[in-house]
Amino acid sequence: MNILAVGDIVGMAGIKELKRILPGLIETEEIDFTIVNAENSAEGFGITQKNFDDIISENVDAITMGNHTFGKKDIFKFIDHPKLIRPANYPEGVVGKGYNIYQCKNKKIAVINLLGRAEINILTENPFLTAKKIVDKIQNQVDMIFIDFHAEATGEKIPLGHYLDGRVTAVFGTHTHVQTADEQILPKGTAYITDIGMTGPKNSVLGMDIGVAIKRLTTALPEKYKIAEGECTFNGVIFKVDDKTNKVTDITRISL
């Protein structure tokens with residue numbers, strides 16, 4: 001099987017790029033299952049009903065989120081949709097699901113979303129312990145487990161990969177919007193990459209207008225961010241999974 005994970009969608013520009021690239025990529029790379037991070041799809045902050053509908057209309061199987069999960073109140077209309085997953089380590093009682101299990105080609109695929117704590121100012125539970133709790137619960141119910149770790153620090157992401165090595169199929173990072181070149185199969189068989197990048201404006205600061213970002217940093221004034229214009233980039237990774245062992249045999253970075 002071929003599993004595609006698409007990096008953070010940034011604004012309508014990112015959604016349009018997803019619509020432009022994804023259908024052809026699914027066909028040419030024979031993609032069986034697609035995971036998309038969409039926590040920046042509402043012009044950088046959160047997700048709306050329209051954003052959600054636009055994304056799932058492109059044969060997307062699971063949408064993961066992050067620190068801007070509740071950036072738009074619209075999300076409460078569809079937070080319980082089975083294709084939408086918010087970070088599992090939000091405090092107990094928060095609406096939505098932190099993971100879900102999907103059926104694909106006679107395989108059961110679990111997708112878990114986690115939020116990092118280093119340099120992210122949101123009060124969440126420990127992502128390591130949350131991951132262990134979920135994996136302990138579902139490991140005998142599924143064939144594969146994919147984790148989107150939405151986190152800032154490489155010093156938090158890399159340890160999670162090793163912490164779960166041999167227990168999950170893959171751990172991939174999102175949030176920094178910068179694709180890393182460290183894709184690898186860890187010693188016990190788990191596929192890992194620190195960050196899969198973003199899908200949004202290329203000539204930008206993480207998808208945002210460069211001038212606005214510089215003004216904020218040089219004046220310390222609260223200039224409102226806006227999505228950059230121009231050519232877009234499409235980032236992600238393809239995990240090739242052996243049908244017999246359910247282990248990843250190859251990781252291919254996508255940067256279009």
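Quick note: the coordinates plus some simple rules give every number you see, no bench work behind them. Given the structure is predicted, the values throughout are model-derived calculations rather than measurements. In this analysis, Cβ positions are derived from the backbone assuming ideal geometry, glycine residues included, and neighbour counts consider all displayed protein chains.
Observations on the structure shown:
- Residues (part of a strand (DSSP E or B) and under 27 Å from ILE101 (Cβ atoms)) located in region 1-16: ASN2, ILE3, LEU4, ALA5, VAL6, ASP8, ILE9
- Criterion: free of Cβ contacts under 8 Å to residues at least 24 places away in the same chain and either touching a Gly at 6+ places or on another chain (Cβ under 7 Å) or not small (Gly, Ala, Ser) (or both) - qualifying residue of ASP53, ASP8: ASP53
- Single residue of region 233-243 satisfying the filter (under 18 Å from the mean Cα position of the chain (by Cα) and not in a loop (DSSP other than H, G, I, E, B)) that is surrounded by the fewest Cβ atoms within 10 Å (Cβ to Cβ): LYS240
- Taking first residues from region 207-222 that are under 27 Å from ALA38 (Cα atoms) and without any contact (Cβ under 8 Å) to a residue 60 or more places away in the chain and partners that are charged (D, E, K, R) and surrounded by 10 or more Cβ atoms within 10 Å (Cβ to Cβ), the Cβ contacts under 7 Å between residues at least 6 apart in sequence or on separate chains come to ASP209/LYS226; VAL212/GLU223; VAL212/LYS226; LYS215/GLU223; ARG216/GLU223.
- Among the residues of region 182-222, the ones that are assigned to a loop (DSSP other than H, G, I, E, B), of a type in the set (S, T, N, Q) and under 27 Å from ILE15 (Cα atoms) come to 3 in all.
- The listed residues are ILE196, ILE145, and the only one of them that is closer than 15 Å to VAL241 by Cβ, buried (at least 16 other Cβ atoms within 10 Å of the Cβ) and either under 19 Å from the mean Cα position of the chain (by Cα) or touching a residue at least 12 places away in the same chain (Cβ under 8 Å) (or both) turns out to be ILE145.
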